[in-house]
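Remarks on the structure that follows.
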Amino acid sequence: MKEDNKLVEEFIALLRVERGLADNTLLAYRRDLQKLIEHTKKLKKSLLTIDRGDLILLLTELKDSGANPTSIARLISAVRGFYKFALTEGLSKNDPTAHLESHKPWQTLPHFLNQEEIERLLAQPDLETDLGLRDRAMLETLYATGLRVSELVNLKVADIDLESGFLNCLGKGSKQRRVPLGRSAIHFLKLGFPARMRLLSGKQSDRLFIDPYGKEISRQKFWKMIKLYGSAAKIDYITPHLLRHSFATVLLANGADLRSVQLMLGHSDISTTQIYTHVTNEHLKTAYKQFHPRS
């Protein structure tokens, strides 16, 4: 199998010769594909072995980091072109960009899990094990607060106040916010503290959630974990960000005001939060067409 960088250079050479693209455009394509290569290395995969979920993880991370939607749309175009090249050249039989949304700018209505799917997902960790207790506490906290995955894995013990039922979160732009936890998350966090001490086994860490070696959990590790639980729960498509979408959607669907949801999500612009009202409106329209006799 050819090295990823060589594959990209062959693709760029093809674009230069056959499509006559400008040098600046080719440079942008090369930069975008380099981001994909770096992402695949973190996942211990290659350009020809990643799947659609791996691409979605990259796009979500870029969006969470504040990348310009137009830049994300250009990256999607570059990646889609590369995999078309890989298929044409017989280098791959699979196209991970198939059915990948490519709106310009990259802005789709968020997917979300319904309540039955949420319950199935939360029921997957084995509560007879320390890792299962940790994982259940992480999933419950993520769904209860709508944190970004980077915010979740970076939580410290000092950020949690179980007595008041709130956590303090350091979000994008080093902005601090305070988010309610909810009864279920508090319950499983309390169950998780003894498991955390056993995992630490005398070692020291200020992180709330740790791996079996007492070290912090990376975003990639948590993404792989939730993907496994999602598969066990018979959920076809899942990412950590999907629980954030589900958090916002269920709050608005049940009457929460937009400003409160904005504050809990840590959105600097309320227009970012308003996309969830489109989701709930679509859900209402679907329910109306299904059940109203004169729809």
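No value in this document is a laboratory result; all are computed from the given coordinates. The shown structure was predicted, so the numbers you read here are calculated from the model rather than taken from an experiment. When we count neighbours, we look across all protein chains shown, and the Cβ atoms used for this are built from the backbone with ideal geometry, even at glycine.
Could you rank the peptides 148-154, 208-214 by their average count of other C-beta atoms within 10 Å per residue, with the highest value first? Provide the component values of the computation, followed by the final result.
On the way: 148-154: 21.6, 208-214: 16.9.
Order by mean packing, descending: 148-154, 208-214.
Is there a pair in LYS175/LYS215; LYS35/LYS63; LYS156/LYS190; LYS6/LYS84; LYS44/LYS156 whose C-alpha atoms are over 19 Å apart, and which pairs would that be? Each step should come with its number before you reach the end.
Details: LYS175/LYS215 25 Å; LYS35/LYS63 13 Å; LYS156/LYS190 15 Å; LYS6/LYS84 16 Å; LYS44/LYS156 28 Å.
Cα-Cα > 19 Å for LYS175/LYS215; LYS44/LYS156; rest within.
Sort 125-136, 195-206 by packing, meaning the average of other beta carbons within 10 Å per residue, with the highest value first. Walk me through the intermediate numbers first.
Values: 125-136: 17.4, 195-206: 13.0.
Packing proxy ranking, top to bottom: 125-136, 195-206.
Calculate the dipole size of the chain relative to its Cα centre from +1 charges on Lys and Arg beta carbons and -1 charges on Asp and Glu beta carbons; express the result in debye to the nearest 20.
Numbers: 44 positive and 34 negative charges, 50 e Å.
With Lys and Arg at +1 and Asp and Glu at -1, about 240 debye.
Which value in nm describes the separation of the simple spin-label points at LYS84 and ILE275, placed 7 Å from the Cα toward the beta carbon?
Between LYS84 and ILE275, the label points sit 2.5 nm apart.
Between HIS111 and LEU258, with labels modelled 7 Å along Cα→Cβ, what's the label distance in nm to one decimal, could you check?
Placing both labels 7 Å along Cα→Cβ, they lie 2.6 nm apart.
Rank-order 78-91, 233-246 by packing density, defined as the average count of other C-beta atoms within 10 Å over each peptide's residues, highest first. Please report the intermediate quantities before stating the final value.
Values: 78-91: 16.9, 233-246: 19.3.
Final packing ranking: 233-246, 78-91.
How far apart, in nanometres, would the label points at ASN94 and ALA13 be if each is projected 7 angstrom from Cα along the Cα-to-Cβ direction?
Label-label distance for ASN94 and ALA13, simple model: 2.7 nm.
Which value in deg cm²/dmol, rounded to the nearest 500, describes the helix-derived mean residue ellipticity at 222 nm for the chain, given -39,500 (n - 2.57) per DSSP H run of n ≥ 4 and division by the residue count?
-18500 deg cm²/dmol
Fewest first, what order do SER164, SER260 take by the number of other Cβ atoms within 10 Å? Please report the intermediate quantities before stating the final value.
Details: SER164 10, SER260 13.
Result, fewest neighbours first: SER164, SER260.
Which number comes out as Rg/Rh for the chain once both Rg and the Kirkwood Rh are worked out on C-alpha atoms?
Working: Rg = 21.2 Å, Rh = 21.0 Å.
Answer for the chain: 1.01.
Pairs of Cα atoms under 8 Å, at least six residues apart: use those to get the relative contact order of the chain, whole percent.
Across the chain, relative contact order equals 16 percent.
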